[in-house]
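**Q** Take a look at the following structure, please.
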Amino acid sequence: MSRILTTAAMLTFSNIFMTFAWYGHLRNMSSKPWIAAALASWGIALFEYLIQVPANRIGNQVMTLGQLKILQEVITLTVFVPFSILYMRQRLSLDYLWAGLCLLGAAFFLFRSKLAGL
């Protein structure tokens, strides 16, 4: 598997953990004190960091810092939309589509030199 695909897969997996760390407590722990939610989130975030740090090190070998950041943002929205709809039971709006198109445009411009070489 290429380093870019390995990085993308690892960042996707780490982002799932981070999304739950950041937002999962809003559904599961809303009646608990905020400190309990923060400690639970830290525990989840540890797993995110154990995947994200090596992913960024692998990705940095073949991508620029800007490319890594835009890739992460695209992955974030790709993970967040299903999380928001399926887990948090939020309604889908056109704003998700517009945000996604903006991120795809950003990804295109940062990766177009790599795409031209394919």
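The values are calculated or read from the model by the stated rules, or taken from the named source; none is laboratory data. Note that the coordinates shown come from a computational prediction; the quantities given were computed from them, not determined experimentally. Cβ placement follows ideal geometry from the backbone for every residue including glycine, while neighbour counts extend to all protein chains displayed.
**Q** Search the stretch 50-76 for residues that are under 14 Å from Leu104 (Cα atoms) and part of a helix (DSSP H, G or I) and pair each with any residue that is among the aromatic types (Phe, Trp, Tyr) and at pLDDT below 90 when their beta-carbon atoms are under 7 Å apart and the residues are at least 6 apart or on different chains.
**A** Close Cβ pairs satisfying both conditions: Gln67/Phe111.
**Q** Which of the residues spanning the stretch 90-109 are over 19 Å from the mean Cα position of the chain (by Cα) and under 25 Å from Ala21 (Cβ atoms)?
**A** Arg91, Ser93
**Q** Against the definition (closer than 22 Å to Phe13 by Cβ, over 18 Å from the mean Cα position of the chain (by Cα) and either in contact (Cβ under 8 Å) with a residue 60 or more places away in the chain or in a helix (DSSP H, G or I) (or both)), how does Arg112 come out, yes or no?
**A** Values: closer than 22 Å to Phe13 by Cβ: no; over 18 Å from the mean Cα position of the chain (by Cα): yes; either in contact (Cβ under 8 Å) with a residue 60 or more places away in the chain or in a helix (DSSP H, G or I) (or both): yes.
So Arg112 does not fit the description; no.
**Q** Something else about it: For the stretch 75-104, which positions are surrounded by 11 or more Cβ atoms within 10 Å (Cβ to Cβ) and either of a type in the set (Asp, Glu) or farther than 23 Å from His25 by Cα (or both)?
**A** Listed by number, the residues that qualify are Leu97, Ala99, Gly100, Cys102, Leu103, Leu104.
**Q** Among the residues of the stretch 1-33, which ones are in a loop (DSSP other than H, G, I, E, B) and of a type in the set (Ser, Thr, Tyr)?
**A** Taking the stretch 1-33 as the starting set, the residues that turn out to be in a loop (DSSP other than H, G, I, E, B) are 1-2, 29-33.
Result: Ser2, Ser30, Ser31.
**Q** Out of Leu86, Leu11, Leu39, which single residue is in contact with a helix residue (DSSP H, G or I) (Cβ under 7 Å, 6 or more places away or on another chain) and among the hydrophobic types (A, V, I, L, M, F, W, C)?
**A** The unique qualifying residue is Leu11.
**Q** When Gln52 is evaluated against the numbered criteria (1) touching a Gly at 6+ places or on another chain (Cβ under 9 Å); (2) buried (at least 18 other Cβ atoms within 10 Å of the Cβ); (3) of a type outside the set (Val, Ile, Thr), which criterion, by number, is the only one it fails?
**A** (1)
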